[in-house]
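Reading through the structure tokens given below for one structure.
The values are calculated or read from the model by the stated rules, or taken from the named source; none is laboratory data. Just so we're clear, the structure is a prediction, and the values are computed from it rather than from any experiment. In this analysis, Cβ positions are derived from the backbone assuming ideal geometry, glycine residues included, and neighbour counts consider all displayed protein chains.
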Amino acid sequence: MLIRPKTQSRRIDGVLEHASGDKRFKILEVFMKRHQFRHDALIEVLHKAQELFGYLEDDLLLFVSHHLKLPPSRVYGVATFYHFFTLKPKGEHTCVVCLGTACYVKGSSKVQAAIEEATGISSGETTPDNRISLLTARCIGACGVAPAVVYDGQVAAKQSAADALAKIKQWTGHDAD
Ligand code: FES
């Protein structure tokens, strides 16, 4: 059994509470269950987490550590060792465009292209002023409201290029085009 220090238990309680309202955590939990919460499924689980969220943030790594009953240091270690994992981007704001099938057929690549053009960055990058990081995900569990984009952790439904540009404008304080 994994014994956690008190502060870490409090932290994981907060993470689980936050996760309860976000469908992506549920999908990830089902994925881990399908792998019987096995320790050796850690890399697959982190891949799935990155597909769902676009990047691996602290809460997500703690969530995985909790469910696989692995020490957080092990999960962080693996997430930081492999170059194909992206840790939380350094931008003040993050924008994750879903490019899963349902979103893609409804035009999410156009939303991505509009953001790239407006910000001058490609997916996986952060603007030079560290304002905005752009990432992509593969199905965030919101297919019914495709195309979906996650702005600072909040899933937004049926996003058009204009909606995304309006958000960028709100973040930067000036027109994105
Ligand atoms: S494909 Fe985008 S939410 Fe499922």
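Details
- Within the stretch 81-105, considering residues that are of a type in the set (S, T, N, Q) and within 23 Å of residue 44 (Cβ to Cβ), the one farthest from the ligand (Cβ to nearest atom): 86
- Identity of the residue in the stretch 135-157, more than 9 Å from the ligand (Cβ to nearest atom) and in contact (Cβ under 8 Å) with a residue 40 or more places away in the chain, that ends up nearest to residue 59 (Cα to Cα): 153
- Pair list, Cβ < 9 Å and 6+ apart or interchain, from the stretch 18-33 residues that are not assigned by TED's automatic domain parsing to the domain that holds residue 138 to residues that are basic (Lys, Arg): 19/26; 20/26; 27/48; 28/48; 31/48; 32/38; 32/48
- If you go through the stretch 106-134 and keep only what is farther than 13 Å from residue 168 by Cβ and within 16 Å of the ligand (Cβ to nearest atom), you end up with 106, 107, 108, 109, 110, 123.
- For the stretch 158-174, filtering for residues that are touching a residue at least 12 places away in the same chain (Cβ under 8 Å) and outside any helix (DSSP H, G or I) leaves 3.
- Test result for residue 108, surrounded by 17 or more Cβ atoms within 10 Å (Cβ to Cβ), small (Gly, Ala, Ser) and more than 24 Å from residue 83 (Cβ to Cβ): yes
- For residue 101, the conditions (1) of a type outside the set (A, V, I, L, M); (2) at pLDDT 95 or above; (3) surrounded by 21 or more Cβ atoms within 10 Å (Cβ to Cβ) all hold with the exception of (3).
- Entirely in the stretch 67-151, the helices (runs of 4 or more DSSP H) that have 1 or more residues that are out of contact with any Leu (no Cβ under 7 Å at 6 or more places or on another chain) and under 27 Å from residue 20 (Cβ atoms): 72-81, 101-105
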